[in-house]
1. Got a number for residues in the range 79-93 being on the phi < 0 side of the Ramachandran plot and either touching a helix residue (DSSP H, G or I) at 6+ places or on another chain (Cβ under 6 Å) or touching a residue at least 60 places away in the same chain (Cβ under 8 Å) (or both)?
2. How many residues are more than 20 Å from GLY110 (Cα to Cα) and either surrounded by fewer than 12 Cβ atoms within 10 Å (Cβ to Cβ) or in contact (Cβ under 8 Å) with a residue 60 or more places away in the chain (or both) if we restrict to the range 53-64?
3. With the range 83-192 as the region, which strands (runs of 3 or more DSSP E) entirely inside it contain at least 3 residues that are surrounded by fewer than 17 Cβ atoms within 10 Å (Cβ to Cβ)?
4. May I ask you to list the residues in the range 210-229 that are surrounded by fewer than 20 Cβ atoms within 10 Å (Cβ to Cβ) and either among the basic types (Lys, Arg) or modelled with pLDDT of 75 or more (or both)?
5. What pairs come out if I take residues in the range 120-133 that are closer than 15 Å to LYS7 by Cβ and modelled with pLDDT of 75 or more and pair them with residues that are part of a loop (DSSP other than H, G, I, E, B) and not hydrophobic (A, V, I, L, M, F, W, C) whose C-beta lies under 8 Å away, six or more apart or interchain?
6. Would you mention how many residues in the range 29-43 are outside any loop (DSSP other than H, G, I, E, B), surrounded by fewer than 19 Cβ atoms within 10 Å (Cβ to Cβ) and in contact with a Leu (Cβ under 8 Å, 6 or more places away or on another chain)?
7. Need the failing condition index for LYS43 against (1) free of Cβ contacts under 8 Å to residues at least 24 places away in the same chain; (2) farther than 28 Å from TYR170 by Cβ, just the number.
Amino acid sequence: MSITSLKTLFLAWQDHESRSWNPVGRLTFNGKNYTFVYIEGAKEAQKKFGFEPLMSFPEWDKTYRSTELFAFFANRVMSPSRPDYQKHLDRLKLSAESVDVMEFLGRSEGNRQTDNFQVFPYPDLDSDGKYHLCFLVHGLRHLPECSMERIKQLQVGDPLWLCHEFHNSYDNKALALTTKDHYHLGYCPRYLSQDLLDILRHDPGLVEVKVAKVNCKHSAISYQLSAISYQLSAISYQLSAISYQLSAISYQLSAKGLWLMAYGHTTVRVANG
C-alpha cells in the first residue's frame with residue numbers, strides 16, 4: 001500500500017533556541033491499525049539540536065503499532081463532549097458527521113501548550129492530479145488593526161499572494177500572505193516554507209491563492225482568517241526531503257498541479273512567537 005493510500009500525518013518538533021521546526025516522525029492509519037515511526041529528520045534533529053526520542057516512543061528504529069490511537073496523539077484531539085466542540089469544528093471547516101481523529105489532528109495541528117510539537121498532514125491526491133493539504137494561517141495575533149479590518153472585508157474566492165520576507169530577521173524563510181492592495185494577513189506555517197520557496201523560485205506563476213473561509217470570533221482578534229487555498233499548477237516538480245526530511249519520501253507534483261488549503265483559528269502557533 002502506498003503512502004498516498006494511507007491516512008498520513010507527520011510530527012514536527014521545534015527547537016527552543018533556534019525556533020526551527022523539524023519533522024521527526026510519521027503517523028499512519030490504514031483503517032485498522034495506527035503505526036508510528038521516526039523519520040530521518042529525527043536523527044538530523046538529534047545531531048543539530050539534541051532532539052531525543054519521546055517517552056511514548058523510546059526506540060529510534062522501532063515500528064510502533066496499535067489498534068487504538070497512541071496516547072501521545074489522542075491527547076491532542078478535542079473531546080466531542082466539550083461545549084465548544086462544534087464551534088471548533090466549524091473553525092476548522094470540518095463536519096461532525098464525517099470527521100475522524102486523523103483529519104482533526106491534521107487540521108488543528110495537534111497543538112498543546114505544554115510541549116513544542118505540531119502535527120501536519122501528507123497531502124491527499126485527488127482524481128485530477130491535485131494534492132490537498134490543510135494547515136493553519138499563523139501570526140494573526142500580531143497583525144495591526146488595519147490588517148484585521150481588511151480581513152473583515154474578505155470574501156470566499158478573493159485572491160491572495162505569498163510574499164517571501166527574506167529580510168525578516170526572525171525567520172528569513174517566512175512566507176507572508178498578502179492582499180492585492182498589500183495588506184499583510186499572516187504567515188504560512190514554517191514547516192512548509194522551504195518546499196513552497198523551492199516552487200516559487202522555480203516559477204512564481206505556479207501559485208494561485210484564494211480565500212476559502214473567514215472565521216468570526218468575539219475576542220481581541222475579532223475575525224480569524226482561515227482556509228486559504230493554494231493551487232500550485234506545477235510542472236513535474238519534486239518536493240524532496242529538504243525541509244520535510246521525509247526519509248525516502250517525496251512529493252511528485254503532476255502537470256495538473258498541487259492544491260493546498262490552509263486553516264487559521266484562535267490557537268495559531270506563531271501567535272505565541
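1. Qualifying residue count for the region: 4.
2. Matching residues across the range 53-64 total 4.
3. Result: 159-164.
4. Those that are surrounded by fewer than 20 Cβ atoms within 10 Å (Cβ to Cβ) and either among the basic types (Lys, Arg) or modelled with pLDDT of 75 or more (or both): LYS210, VAL214, LYS217.
5. Every condition considered, the pairs that remain are PHE120/GLU109; PHE120/PRO189.
6. Adding up the residues that qualify gives 3.
7. (2)
The values are calculated or read from the model by the stated rules, or taken from the named source; none is laboratory data. None of the values given here were measured: they were computed from a predicted structure. For neighbour counting, all protein chains shown are included, and Cβ atoms are generated from backbone atoms with ideal geometry for every residue, glycine included.
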